[in-house]
Structure formats: C-alpha cells, structure tokens
Amino acid sequence: MSIFSRCVCCVEPTSTAQSKALSRRSLLLQGAATLGAAACAALASSPAAFAQARVIDALAPAAKPRIIDVHHHLAPPGYVSELARRHLNEPVLERWSPAQSIEEMDRSGIATSITSITNPGVWFGDDAAAVALARACNEYAARLVADHRGRFGMFAVLPLPDIDGSLREIEYGLDVLKADGVCLMTSYGDKWLGDKAFAPVMDELNRRKAVVYTHPNLPDCCRNLIAEVPRAVIEFQTDTTRTIASILFSGTAARCPDVRFVFSHGGGTMPYLIERFTRLPQTNKNAAANVPDGVVAMLGRFYYDVAQVSNAVAMAALTKVVPSTQIVFGTDFPFRTAADQMRGLQAAGLSESDLRRIEFENALVLLPRLRAG
C-alpha cells in the first residue's frame, strides 16, 4: 500500500548493556513508561526519532523470533518493470530486495513473513498479460520461500477478473507451489469480491478451505477525488470496507463459510460503520437473508491484520467488533516497519494475552504449517 509519510514512536535507551539485558517487550514497555503517549506523538514525525528507533531495534536481544507477519510485500523484478512501464512505479518497491526483508525481520523478531504483492495487482485490462504476470510473481515468491526455509510463506496472486485464468492459478499456486493461500485485490474495475462474476473463484476457494488475503485497491469509481489527499489516506481503507460489505450482503460469506478471509488494515472503516452494517438487515429482507447468522457473528469469522491501524483509537474499535482471536500481525513492509506496528500495539493498552494472539498465536491457527518452523 502506498503511504507517503512514516510515523514511529521512539524510546530512549539507557545503555547498551541494559538494553541487551531486557526482553524486547520489556524494552518497549520501558520506553512507553518513560516517554508516555504524548511524547511519542510529539516525536512521531521526527526523522531523528525514526533513526533512534532503528538503533533500539538493533540493541534488542537475539531471542528466538516468533512474530508472524501476514502483510509483507515483495516486489518481483518483472512486477516492478510492469509498474514502471505503466508509470505506476514507486521508489520503495524499486529498492526492495529479499535481503532488505530479512534484515527487517531479524531486527524486529519476526520469524516468518507471508509475502504478497501490493496494489494495483496484476490485471491492467489484458487477461493473457495478467496470467503471465501472476505466474511470474508467484514463481518468484516460491523461490524466495525455497531459498530461505522457514523465513517466508506466500499468498499467490490471482489474475482476476479473468475467471478461467484465476482457477488455473489457484490450482498451480496451491497444489504445485504450495502457497499458504491466495492474494486478491479488494476490487477489480467496478466489481468487489462478492460480485456474482467472481462466484466460480470463491466457490473453488471454499472447496479448498483456502486462506484468502485481501489488499485494498483503487476502484474505477474513486480516482483523483481530492487532489490534496493521496489515495492511501482514504480510498484504500474505504475499498476494504466496500469489499467486506459486498462479501457479506451478496451472500458470498454464507455460501462460502470455509474461505478464511484476511482483511488488511483492521477491516478498513468497517469497525466505525458497524451500526450501519447491523441495521441494514433490519430494513432490507434480501440483506437479512444473506447474513443468516447475523452481521456481527459473520464478521467475527474473518481475520483482520493490524498494519497501519496499530493505534489506540483503531484497535479499540476493532476489538469491540471482533475478538482478539481474529486479529493478526502485519507490517505493510516495505512501506512501514514492524517497529511502527509493535510500538503502536503496546500503546493501545492490549493485554499480554491479546498481544501474544496478535503477534503469532492466531497466525498459527490460520496457517498451521508454520508450527513446524
């Protein structure tokens, strides 16, 4: 996801020896107690604070990594070239490398990152080109998994809206490449994931009990709306909300109960619109028929990552809508870092048990093969 500024809270180290003696969590708690929320906020925009946070990370003890990052982007060369050809390239993706990811993971105590490509995905109006680009991205991701055993997993990207091509890539990605799940954009053109056009793909994913990670996209309806506001600030989160509503109220979630959806960024704006979500079935019989177990219960089956919502306000809303068992850790790397998200979670007032669930326990339920690592 494109983000045009970074934000991080820093903590003051006491000394190198003391820092090494502390666990990572103790270090973060010490920093929170020393500085407080107001001080963190004041330092958030400071480049020096970001650099100092890097120093703190480097001083963290070399404990066995355990965190699982389910929102970690890779940038295969072919994908970067295609974006550049279409003038959609971003410097942060052009600079990405596997070594950069591993350095970030080692610094932050991340055991495994599940990789995916970011928006706009692989479809640019040509089905054949999208199929070829999806295959190239997926094979690159599979090589990364093989070359760094235990450090990476992968969500295979599908060339939607090409249905036949997507069905073939599901088979290849899951059966041949052994992907951990598939990656879908939240929308394609003017269609969201609950659209009946995508039903064959959803039905196949349901048959396979697949994990379906979603990443926000920019739909046709909502481009260049406010010149002063980058798309990442509003539209990406809103598109996640649209696709959640589409999946719920189209009946897709009820028809495909075995698909394990993971929504980025805490479900977008859905937690703040929960009253409107729950009222819709009360006023619309068709909507009510499509959420037979109730809106809240069905939302509670989905998973939500914490990338870009690791703050007290967003986490308070999300944890009121879904239990902590449905929240997983995500960084949005290379656009953001694990340090950003971890310090935000610490300041959000979550319990130690909730933090453990978010950092790795829930991901092990979602992706049990990672237990072998």
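The values are calculated or read from the model by the stated rules, or taken from the named source; none is laboratory data. Every value quoted in this text rests on a predicted model; they were computed, and no experiment measured them. A quick note on method: Cβ atoms are made from the backbone with ideal geometry, for glycine too, and the neighbour counts reach across all protein chains shown.
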How many residues are free of Cβ contacts under 8 Å to residues at least 24 places away in the same chain and of a type in the set (Ser, Thr, Tyr) if we restrict to region 84-127?
1
Quick one: which of Ala287, Ala245 is modelled with pLDDT under 95, assigned to a helix (DSSP H, G or I) and of a type in the set (Gly, Ala, Ser)?
Ala287
Name the helices (runs of 4 or more DSSP H) wholly within region 319-373 that hold at least 3 residues that are over 12 Å from Gly266 (Cβ atoms) and among the small types (Gly, Ala, Ser)?
338-347
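Identify all residues within region 302-321 that are more than 20 Å from Ile67 (Cβ to Cβ) and more than 16 Å from the chain's Cα centre (by Cα); write none if there are none.
Ala312, Val313, Ala316, Ala317, Lys320, Val321
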Can we say Leu88 is under 22 Å from Glu235 (Cα atoms), in the same structural domain as Phe333 (by TED's automatic domain parsing) and at pLDDT below 95?
yes
Considering only residues that are within 24 Å of His72 (Cβ to Cβ) and of a type in the set (A, V, I, L, M), look in region 291-311 and name the one that is surrounded by the fewest Cβ atoms within 10 Å (Cβ to Cβ).
Val309
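I'd like the full set of residues that are part of a helix (DSSP H, G or I) and surrounded by fewer than 21 Cβ atoms within 10 Å (Cβ to Cβ), limited to region 89-107.
The answer is Pro91, Val92, Glu94, Pro98, Ala99, Gln100, Ile102, Glu103, Glu104, Asp106, Arg107.
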Can you find a residue in region 311-319 that is among the hydroxyl-bearing types (Ser, Thr, Tyr), in the same structural domain as Thr112 (by TED's automatic domain parsing) and modelled with pLDDT under 95?
no
Criterion first (of a type in the set (D, E, K, R) and within 19 Å of Val262 (Cα to Cα)) does Asp190 satisfy it?
no
Confirm whether Gln341 is surrounded by 18 or more Cβ atoms within 10 Å (Cβ to Cβ), under 22 Å from Val182 (Cβ atoms) and without any contact (Cβ under 8 Å) to a residue 40 or more places away in the chain.
no
Failed item in (1) more than 21 Å from Thr214 (Cα to Cα); (2) outside any strand (DSSP E or B), with Ala111 passing the rest:
(2)
